[in-house]
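This report refers to the structure that appears directly beneath it.
The values are calculated or read from the model by the stated rules, or taken from the named source; none is laboratory data. Remember, it's a predicted structure, so these values are computed and weren't measured experimentally. For neighbour counting, all protein chains shown are included, and Cβ atoms are generated from backbone atoms with ideal geometry for every residue, glycine included. Note: accessible area is taken over every heavy atom of the protein model, side chains too, but ligands, DNA and RNA are not part of it. Shrake-Rupley method; radii C 1.70, N 1.55, O 1.52, S 1.80 Å.
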Amino acid sequence: MLFRCLSGARTFFSVVSAEACIQCSKSKIITFNRPTRSVSTTNVQYSTVGEIIEQWSDRFKKEGIPEPVESIEHIVAHVIGTSKILDVANARNKQLTSDQRDTLDSLCECRLSRMPVQYIIGEWDFRNITLKLVPPVFIPRPESEMLVHYVLKALNSSENKGQEILEVGCGSGAVSLAIAHTVTDKTVNCIAIDSNPDACELTKENRDRLNLQDRVAVVHATLKDNGSIELSNILSGPNDIDFNSKTFDLIVSNPPYVPTKQISTLTPEIKIYEDLTALDGGDDGLKVIKPLLKYAATALKPGGRLLLEVDPSHPEYIQFFTKKYPVLKLQYEHTYKDFCNNDRFVEILKIS
Amino acid sequence: MFSLKECSFNICQYYRNFTITSKLFESRCSVLFNLNKEVNLSVQQLFCSKVNSLVTDENVKKCLNHLMNAYQGNNEKGASISEILKLSEIPPLLNDKIKIIENIKSLNDFACENEEMKDLAKEEESTYMQQMSLVDEKILDVILQYGSVDNYDNVIMEIAPGVGGQEAMLFAKDLLAMYISYFEHLGFTYEILELLESSGLRKATLLITDSNAFKKLKYESGVHRVQRIPATEKSGRIHTSTAVVSVLPEPRDVDIKLEEKDLIIESKRASGAGGQHVNTTDSAIRITHVPTGKIVTCQTSRSQIENRKLALRKLKTILFEEQLDKQISFINKIRKKQMGQRLRNEKIRTYNFNQDRLTDHRIPNGTMYNLKEFMEKGEALEVLEDRLHKDMQLKTRLEIIEEIINQFK
Ligand SMILES: C[S@@+](CC[C@H](N)C(=O)[O-])C[C@H]1O[C@@H](n2cnc3c(N)ncnc32)[C@H](O)[C@@H]1O
């Protein structure tokens, strides 16, 4: 199963790279090849890490690749086996082996076709955990680290020793795994669902790497427009969960929230490589948020909380929605800002 | 015959008295003693001839007598004296001292009565004097140990170029590499919190995590001077430039509290929509502490929230240092001395590349050869650091005693 997923990812990998090249203009493809050769033939034996960084960042700059310096630094760090680009600074005078140099050059070519650095090096950090990342499963954003922060705060303020948690749309597993990894003074029982089987597989893999099998269950399931959760028939996992009767202490989600008409404005890194259903929230960006509110109204225990990451235009609607439907017994609690001062997180309380 | 009996009885009593009090005392302070075996030694060194030129036995005795008088309420107490008397270990020690003095006194009274017993009394007296100096040492030790900060868990180190432009930046970079091999040699865990480079090093901040880190680094604080022909110099002229290293222990949470409302936390992602709309690798964080205007940045981790944590720790360290600078109480002075904080612009060491040697200016015979190995291996630096530690600890203690004596003037 795992193998199938991996090889699936690999085929995808080459498909997207090819796709990206097709998207490049003809003239670009020409410039694309020439400097690569000159970089690798004339300097392959002699160039130091510092020189390689200079050459590739210049190349990235010329080709209009965003974050040219950071990109090559992360790739070098990956090739020399560290996760910190600051460590690269100490290795500036070192030389790469020819194998390392070959790997580096091919990874840099992926970057030239605008593949996100996180996919190129195959991992990224989220809070204090490192996650494997494979296209097209959504790359966790730093904002969601704060979503976890507010979840942890809510868990801390609760007196219940055991906490039943549901995450809707787990992607790589970032949110659920960070929660389960951090909370040690309570028994957390986390169920992570996603409509994308690739995401479920990746969450499972990351979970197993972090040894969180006993705290996080991954289920391939979809939140429907009517506010119910439907199990998908395939894949292993606990099939005895009945989402339409089970209740939770906390529901967390970073659902797709980008309004469809803004999708075209996103960078190629996102548009070409990430699964767009992971971020396309429909006309108003609320396509998944609305059913989430409905589901939470039935599935949250009284006193339970719903924590959402949303577009800054959404908190107002959510407040309006909870006021308009008092029968749902959802009480809007608070909107928190992210580091960029945008309204980003909404906390809702289920009242009895 | 009769009086002799009485006398020996008397002495027995004295002895018993003393063993009881000293036992009591030892159990009270046992933690201190076990921890500071090495320290006791160096305090004993205070009384040896080498240091007598700086602080004489007389001076120390005078100082302790002052302290005792203050304790017995015989003279008015300065603020710093009451600070010392408040240390919980001090009063019992002073009580011991008072008892010994009383004993000596009664011994003298007794000896006056009986000519024959004079010799015996003299012998007794010298035993008491020995015991007294033991107690004195312990009192000094408590005072000197107060505010000792050798047991901090983490250290924040900063390296920046001083005078000398480009060459100073290159030297700062060499120092950074030197310390990194030093940490590797010692097996310390370290993280680079900040690294600003442009054809050399503009600034580096490191977080070193190890309970020994402060001890092994505190004497690196200061101005490091380099004499060499810069790689950039065509004419072959020797330049002198400097780099500045500062070493600060990380305060514990109780030492510094930060209010959320006083902080502005920013990320470079600040422009644009953020969230799902953006995917960058940038996780750098910048924190401004509004009341002081202090700004810290961190780009160590690929996780933004981890960078935020690290930046906050750095900020706390900076504020802690500032707070220490502001407090001018006597105890705090001692604490600062114990931290190895001296003049920030003190030239501590010269690295002379042409002569392949370095000289630490704070210790006699501070010259070492084989500079390349010194800067690349870490072993030689550890040897030097241990020498500094021994030497400077003694110096610090002498300075503190002088400080105490000044308080009585
Ligand atoms: C923005 S991503 C968040 C991923 C992860 N939680 C994170 O923060 O990195 C949204 C995820 O929700 C999933 N998803 C989208 N619509 C869904 C639905 N109706 N039911 C379940 N999952 C859905 C997508 O497959 C995607 O993995």
_Out of B:170, B:193, B:144, B:134, sole residue that is out of contact with any helix residue (DSSP H, G or I) (no Cβ under 9 Å at 6 or more places or on another chain) and more than 19 Å from residue B:385 (Cα to Cα)_ = B:170
*Looking at (1) modelled with pLDDT of 90 or more; (2) open to solvent by 10 Å² or more (accessible area, probe 1.4 Å); (3) more than 14 Å from chain A (Cβ to nearest Cβ); (4) touching a helix residue (DSSP H, G or I) at 6+ places or on another chain (Cβ under 6 Å), which is the only condition residue B:243 fails?*
(2)
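Would you confirm whether or not the stretch A:193-208 contains a residue that is among the small types (Gly, Ala, Ser), touching a Gly at 6+ places or on another chain (Cβ under 6 Å) and within 13 Å of the ligand (Cβ to nearest atom)?
Quick first cut of the stretch A:193-208, residues among the small types (Gly, Ala, Ser) only: A:195, A:199.
Checking the rest, the ones that are also touching a Gly at 6+ places or on another chain (Cβ under 6 Å) come to A:199.
Narrowing further to those that are within 13 Å of the ligand (Cβ to nearest atom): A:199.
Within the stretch A:193-208, one or more residues are among the small types (Gly, Ala, Ser), touching a Gly at 6+ places or on another chain (Cβ under 6 Å) and within 13 Å of the ligand (Cβ to nearest atom).
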*Under the condition of being closer than 15 Å to residue A:204 by Cα and more than 10 Å from every other protein chain (Cβ to nearest Cβ), which residue from the stretch A:119-134 is surrounded by the most Cβ atoms within 10 Å (Cβ to Cβ)?*
A:131
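It is to be established whether one or more residues within the stretch A:214-223 are touching a residue at least 60 places away in the same chain (Cβ under 8 Å), within 13 Å of the ligand (Cβ to nearest atom) and surrounded by 15 or more Cβ atoms within 10 Å (Cβ to Cβ).
yes
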*Applying the selection to the stretch B:193-230, what residues are more than 18 Å from the chain's Cα centre (by Cα) and of a type in the set (Asp, Glu)?*
B:194, B:197
*From the list B:235, B:211, B:199, pick out the single residue that is within 14 Å of another protein chain (Cβ to nearest Cβ), surrounded by fewer than 14 Cβ atoms within 10 Å (Cβ to Cβ) and not basic (Lys, Arg).*
B:199
*With the condition kept exactly as written, say whether any residue in the stretch A:101-109 is within 15 Å of the ligand (Cβ to nearest atom) and open to solvent by less than 10 Å² (accessible area, probe 1.4 Å).*
no
*Check whether at least one residue in the stretch A:257-275 is within 19 Å of residue A:152 (Cα to Cα), within 14 Å of the ligand (Cβ to nearest atom), touching a residue at least 60 places away in the same chain (Cβ under 8 Å) and within 14 Å of chain B (Cβ to nearest Cβ), and report yes or no.*
no
*Mind listing whichever residues of the stretch A:235-256 are closer than 19 Å to residue A:347 by Cα and away from chain B (no Cβ under 14 Å)?*
A:247, A:248, A:249, A:250, A:251, A:252
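Could we say that residue A:192 is away from every other protein chain (no Cβ under 14 Å), without any contact (Cβ under 8 Å) to a residue 60 or more places away in the chain, touching an Asp or Glu at 6+ places or on another chain (Cβ under 6 Å) and crowded, with 16+ Cβ neighbours inside 10 Å here?
Working: away from every other protein chain (no Cβ under 14 Å): yes; without any contact (Cβ under 8 Å) to a residue 60 or more places away in the chain: yes; touching an Asp or Glu at 6+ places or on another chain (Cβ under 6 Å): yes; crowded, with 16+ Cβ neighbours inside 10 Å: yes.
Spelling it out, residue A:192 is indeed away from every other protein chain (no Cβ under 14 Å), without any contact (Cβ under 8 Å) to a residue 60 or more places away in the chain, touching an Asp or Glu at 6+ places or on another chain (Cβ under 6 Å) and crowded, with 16+ Cβ neighbours inside 10 Å.
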*asked:* Kindly evaluate residue A:283 against the criterion of being over 28 Å from residue A:125 (Cβ atoms) and surrounded by fewer than 18 Cβ atoms within 10 Å (Cβ to Cβ).
replied: yes
